[in-house]
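Novice: My structure is below; once you've seen it, I'll send some questions.
The values are calculated or read from the model by the stated rules, or taken from the named source; none is laboratory data. Values in this document were obtained by computation on a predicted structure and should not be read as measured data. Positions of Cβ are backbone-derived with ideal geometry, glycine not excepted, and every protein chain shown enters the neighbour counts.
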Amino acid sequence: MNRQEKEQYLREYSLLKNQGKSFFPYAVIKDSFMAVLVMAVIIFMALLLGAELGPKADPTTTDFVPRPEWYFFFLFELLRVVKPPELVVMATVGIPTICMVLLILLPFIDRNPERNPLKRPIATLAGITTIGAMAYLTLLGALAGTPTVIELETKPQFEAGRDVAAQSGCLACHQIGENGNSGPGPNLTDIAERLPRQAIERTLLNPTSPMPSYQALKDEQPEKFDDLVGYLGSLRETE
Amino acid sequence: MKMLPPALRPRPKKPGIKPAKNGNGSGNGAAVDENGKKSKPPLKERAKPVVDGAAEAGVGTIGWVDERSGLTPFLRGFMYRKVPKGINWFQTLGAATMFAFAAQAVTGVFLAMYYDPNPTEAYESAARITNELFLGEFVRGMHRWGASVMIVLIFLHMGRTFFYGAYKYPRELNWIIGVVLLILTMVMGLTGYLLPFDQRSFWATEVAVALTGSGPMIGPYLGDFLRGGAEFGPATLTRFYALHMLLVPGLIAALIGAHLYLVVKLGITAPPWLKAEKRRELSEEEI
Ligand code: HEM
């Protein structure tokens with residue numbers, strides 16, 4: 001906006017303001033009504049939905065699938081949309097950072113003096129698209145089940161390990177056979193082709209983020225951990 | 001003395017009496033007020049209605065506070081400022097967000113009375129609040145769902161300011177403060193999620209902190225800072241507690257203050273499709 005546009009806006013605005021009403025009581029009434037509504041909704045939700053408390057945090061358990069609060073679903077889903085591992089950091093850190101910077105810079109990017117949403121179609125469309133994308137990702141996150149079964153056939157000696165893998169939340173981030181999500185972690189169906197046993201074990205103990213470490217499992221339940229590593233080490237392409 | 005606000009300036013008595021003593025000599029033992037008027041204080045002092053403030057003082061508590069704070073003119077300016085014509089319900093969303101924050105603050109204080117951030121006690125104290133305390137689960141529920149309500153409202157409010165073009169001149173700074181408030185509100189959601197210390201909170205936070213740590217440059221430092229070390233441990237919980245209880249809400253409250261100051265100073269935008277009445281033709285010509 002150049003100087004003239006600024007002055008014109010300020011002039012127009014002061015006229016609009018002069019033709020307006022007093023904050024008290026006209027705006028205060030509406031705000032108070034909203035306050036009552038907000039309180040009512042919160043109380044209603046608290047009564048209806050309560051506050052569940054799950055089992056106590058236990059770093060040694062393996063059957064827990066990380067799941068954030070719903071308003072982080074869109075970020076979490078972003079992880080899944082981006083598949084190649086070298087881009088994962090981009091999705092988890094890069095995109096949110098870029099979004100924040102863009103949001104902060106918005107007033108300097110959009111210098112169009114027009115304010116009417118119908119007369120600035122690009123900004124309005126961009127806004128609607130962003131909202132749509134976030135809503136879609138949130139919905140995906142809400143619908144994404146947390147699979148706990150691996151149907152892939154395996155030799156009997158690896159079945160115990162397969163169950164550990166199925167119940168350890170790996171499927172939230174990895175696909176094994178037909179089960180699990182296809183991101184953010186790589187597909188594990190043929191992991192043994194790519195990584196030797198030791199490397200798999202190392203990955204479980206010292207993973208690259210965002211994968212959590214399963215060191216605690218090794219310390220607390222070494223047999224289960226060995227079963228898991230054994231099972232992963234058996235995952236090869238079958239003809 | 002020029003710098004002092006009216007309520008802090010000396011009562012008229014003093015500037016009145018002093019010149020009297022030095023100049024005319026004493027003898028005016030009559031009412032102080034009269035004395036003040038007669039002896040002609042310097043023009044600067046006389047021009048200001050100090051006497052009125054002093055006369056009203058002591059009329060109840062409000063007068064007492066007002067004499068010492070000068071709040072009334074400020075409140076009057078705040079309450080009787082004009083809002084432009086056409087203000088609508090979408091423009092109450094900011095206030096609604098603020099009420100949600102206030103509700104979070106109140107329920108949060110009650111939770112803090114019974115919550116124990118020690119990792120061995122955290123879950124037990126959360127369980128005690130939920131299962132044993134009178135209305136405990138209700139207050140926890142309010143805090144929990146209040147967080148969701150606040151997030152929904154803050155996004156709606158942001159959407160409103162976006163579609164109204166309210167981030168444009170002269171309100172750019174308020175938009176930026178708003179973005180910081182949005183980020184801080186999300187941080188509240190993240191740090192609060194760990195506190196009950198059940199499985200959900202633990203594993204979700206583990207992943208979230210790992211994600212933070214995977215960022216380039218400051219990522220690893222930020223991750224270590226959140227965890228309170230290289231490993232997710234007891235220090236993590238107390239850190240999240242301090243962030244969630246003190247630092248972040250303090251920042252949010254301060255920034256809400258700045259945000260509202262700017263709203264009052266700049267005035268709230270009118271719906272952008274409205275034009276001021278008299279100037280309709282003129283402004284179209286100018287475009
Ligand atoms: C803790 C969160 C927030 C609180 C309590 C809050 C509160 C308010 C209030 C009470 C107003 C007065 C007008 C109205 O109610 O619509 C306002 C205006 C405004 N807010 Fe916020 N806000 C918050 C977050 C945000 C966010 C996230 C943004 C955007 C990034 C934002 C941007 C603005 C702008 C640009 C205005 C001026 C609007 C106008 O003049 O029409 N605020 N805020």
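Novice: Could you tell me whether segment B:207-215 includes any residue that is polar (S, T, N, Q) and near the ligand (Cβ under 9 Å from one of its atoms)?
Specialist: No, there is no match, as no residue in segment B:207-215 is polar (S, T, N, Q) and near the ligand (Cβ under 9 Å from one of its atoms).
Novice: Among the residues in segment A:48-60, are any more than 7 Å from chain B (Cβ to nearest Cβ) and in a helix (DSSP H, G or I)?
Specialist: So far as segment A:48-60 goes, yes, one or more of its residues are more than 7 Å from chain B (Cβ to nearest Cβ) and in a helix (DSSP H, G or I).
Novice: Still on this model: Within segment A:206-215, is even one residue surrounded by fewer than 18 Cβ atoms within 10 Å (Cβ to Cβ), polar (S, T, N, Q), more than 20 Å from residue A:66 (Cα to Cα) and at pLDDT 85 or above?
Specialist: Within segment A:206-215, none of the residues are surrounded by fewer than 18 Cβ atoms within 10 Å (Cβ to Cβ), polar (S, T, N, Q), more than 20 Å from residue A:66 (Cα to Cα) and at pLDDT 85 or above.
Novice: Next question, about the same structure. Can you find a residue that is at the interface with chain B (Cβ under 9 Å from one of its Cβ atoms), closer than 22 Å to residue B:179 by Cα, aromatic (Phe, Trp, Tyr) and in contact with a helix residue (DSSP H, G or I) (Cβ under 9 Å, 6 or more places away or on another chain) anywhere in segment A:29-42?
Specialist: The answer is no, given that none of the residues of segment A:29-42 is at the interface with chain B (Cβ under 9 Å from one of its Cβ atoms), closer than 22 Å to residue B:179 by Cα, aromatic (Phe, Trp, Tyr) and in contact with a helix residue (DSSP H, G or I) (Cβ under 9 Å, 6 or more places away or on another chain).
Novice: Report, by residue number, each residue of segment B:208-234 that is in a helix (DSSP H, G or I) and away from chain A (no Cβ under 11 Å).
Specialist: The answer is B:221, B:224, B:225, B:226, B:227, B:234.
Novice: Only one residue in A:128, A:95, A:104 is in contact with a helix residue (DSSP H, G or I) (Cβ under 8 Å, 6 or more places away or on another chain), at pLDDT 95 or above and within 14 Å of another protein chain (Cβ to nearest Cβ), so which one is that?
Specialist: A:104
Novice: Right, residue A:50: surrounded by 15 or more Cβ atoms within 10 Å (Cβ to Cβ) and at positive phi or not?
Specialist: Against the criterion (surrounded by 15 or more Cβ atoms within 10 Å (Cβ to Cβ) and at positive phi), residue A:50 qualifies.
Novice: Also, I was wondering about something else. Does segment A:184-202 hold any residues that are within 14 Å of another protein chain (Cβ to nearest Cβ) and touching a strand residue (DSSP E or B) at 6+ places or on another chain (Cβ under 9 Å), and which are they?
Specialist: Correct list: A:185 only.
Novice: Conditions first: (1) within 30 Å of residue B:164 (Cβ to Cβ); (2) touching a Ser or Thr at 6+ places or on another chain (Cβ under 6 Å). Residue A:175 passes all but one, so which condition is the exception?
Specialist: Evaluating residue A:175 over (1) within 30 Å of residue B:164 (Cβ to Cβ); (2) touching a Ser or Thr at 6+ places or on another chain (Cβ under 6 Å) leaves (1) as the failure.
Novice: Here's another thing I want to ask about it. Please determine, by comparing only the residues of segment A:61-72 that are modelled with pLDDT of 80 or more and over 13 Å from residue B:207 (Cβ atoms), which one is farthest from the other protein chains (Cβ to nearest Cβ).
Specialist: Among those that are modelled with pLDDT of 80 or more and over 13 Å from residue B:207 (Cβ atoms), it is A:70.
Novice: Looking for whichever is part of a helix (DSSP H, G or I), more than 7 Å from every other protein chain (Cβ to nearest Cβ) and within 15 Å of the ligand (Cβ to nearest atom) here; the options are B:237, B:243, B:156. Which one fits?
Specialist: Testing whether each residue is part of a helix (DSSP H, G or I), more than 7 Å from every other protein chain (Cβ to nearest Cβ) and within 15 Å of the ligand (Cβ to nearest atom) leaves just B:156.
Novice: Here's a follow-up. Do we find a residue being surrounded by fewer than 16 Cβ atoms within 10 Å (Cβ to Cβ), among the hydrophobic types (A, V, I, L, M, F, W, C), more than 16 Å from the ligand (Cβ to nearest atom) and over 23 Å from residue B:130 (Cβ atoms) anywhere in segment B:269-278?
Specialist: Checked against the condition, which is being surrounded by fewer than 16 Cβ atoms within 10 Å (Cβ to Cβ), among the hydrophobic types (A, V, I, L, M, F, W, C), more than 16 Å from the ligand (Cβ to nearest atom) and over 23 Å from residue B:130 (Cβ atoms), segment B:269-278 yields no hits at all.
Novice: For residue B:10, indicate whether it is assigned to a helix (DSSP H, G or I), more than 16 Å from the ligand (Cβ to nearest atom) and modelled with pLDDT under 90.
Specialist: Considered against the rule, which asks whether it is assigned to a helix (DSSP H, G or I), more than 16 Å from the ligand (Cβ to nearest atom) and modelled with pLDDT under 90, residue B:10 comes out as no.
Novice: With respect to residue A:237, is the statement that it is surrounded by fewer than 13 Cβ atoms within 10 Å (Cβ to Cβ) and in contact with a strand residue (DSSP E or B) (Cβ under 9 Å, 6 or more places away or on another chain) true?
Specialist: When the stated conditions are applied, residue A:237 does not pass them.
Novice: For residues that are closer than 23 Å to residue B:104 by Cβ, within 7 Å of chain A (Cβ to nearest Cβ) and not charged (D, E, K, R), scanning just segment B:188-207, find the one that is surrounded by the most Cβ atoms within 10 Å (Cβ to Cβ).
Specialist: If we take residues in segment B:188-207 being closer than 23 Å to residue B:104 by Cβ, within 7 Å of chain A (Cβ to nearest Cβ) and not charged (D, E, K, R), then B:196 is surrounded by the most Cβ atoms within 10 Å (Cβ to Cβ).
Novice: Please determine whether any residue of segment B:170-181 is within 16 Å of the ligand (Cβ to nearest atom), closer than 16 Å to residue B:243 by Cα and more than 9 Å from chain A (Cβ to nearest Cβ).
Specialist: Taking every residue of segment B:170-181 in turn, at least one turns out to be within 16 Å of the ligand (Cβ to nearest atom), closer than 16 Å to residue B:243 by Cα and more than 9 Å from chain A (Cβ to nearest Cβ).
Novice: Of all residues in segment B:107-124, count the ones that are in contact with a helix residue (DSSP H, G or I) (Cβ under 8 Å, 6 or more places away or on another chain), crowded, with 19+ Cβ neighbours inside 10 Å and either outside any loop (DSSP other than H, G, I, E, B) or not assigned by TED's automatic domain parsing to the domain that holds residue B:236 (or both).
Specialist: Of the residues in that region, 4 qualify.
Novice: Restricting to segment B:77-106, count the residues that are surrounded by fewer than 21 Cβ atoms within 10 Å (Cβ to Cβ) and of a type in the set (Ser, Thr, Tyr).
Specialist: Residues in segment B:77-106 being surrounded by fewer than 21 Cβ atoms within 10 Å (Cβ to Cβ) and of a type in the set (Ser, Thr, Tyr): 1 in total.
Novice: Further, regarding this structure: Among the numbered criteria (1) within 9 Å of another protein chain (Cβ to nearest Cβ); (2) more than 12 Å from the ligand (Cβ to nearest atom), which one does residue B:74 miss?
Specialist: That leaves (1) as the condition not met.
Novice: Checking residue A:180 against (1) surrounded by 15 or more Cβ atoms within 10 Å (Cβ to Cβ); (2) within 13 Å of another protein chain (Cβ to nearest Cβ); (3) of a type outside the set (Phe, Trp, Tyr); (4) closer than 27 Å to residue B:213 by Cα, which single condition isn't satisfied?
Specialist: (2)
Novice: Can you name the number of the only condition in (1) among the hydroxyl-bearing types (Ser, Thr, Tyr); (2) surrounded by 22 or more Cβ atoms within 10 Å (Cβ to Cβ); (3) away from the ligand (no atom under 16 Å from the Cβ) that residue B:185 fails?
Specialist: Just one mismatch for residue B:185, condition (3).
Novice: Separate question: Here are B:166, B:147: which of them is more than 9 Å from the ligand (Cβ to nearest atom) and in contact with a Ser or Thr (Cβ under 9 Å, 6 or more places away or on another chain)?
Specialist: Residue meeting the stated conditions: B:147.
Novice: Next question, about the same structure. Output the number of the condition that residue A:71 fails; it satisfies all remaining conditions of (1) assigned to a loop (DSSP other than H, G, I, E, B); (2) crowded, with 19+ Cβ neighbours inside 10 Å.
Specialist: Of (1) assigned to a loop (DSSP other than H, G, I, E, B); (2) crowded, with 19+ Cβ neighbours inside 10 Å, only one is false for residue A:71: (1).
Novice: Based on what the data block shows, is residue B:138 facing another protein chain (nearest Cβ under 9 Å) and buried (at least 21 other Cβ atoms within 10 Å of the Cβ)?
Specialist: No; evaluated as a whole, the condition is false for this residue.
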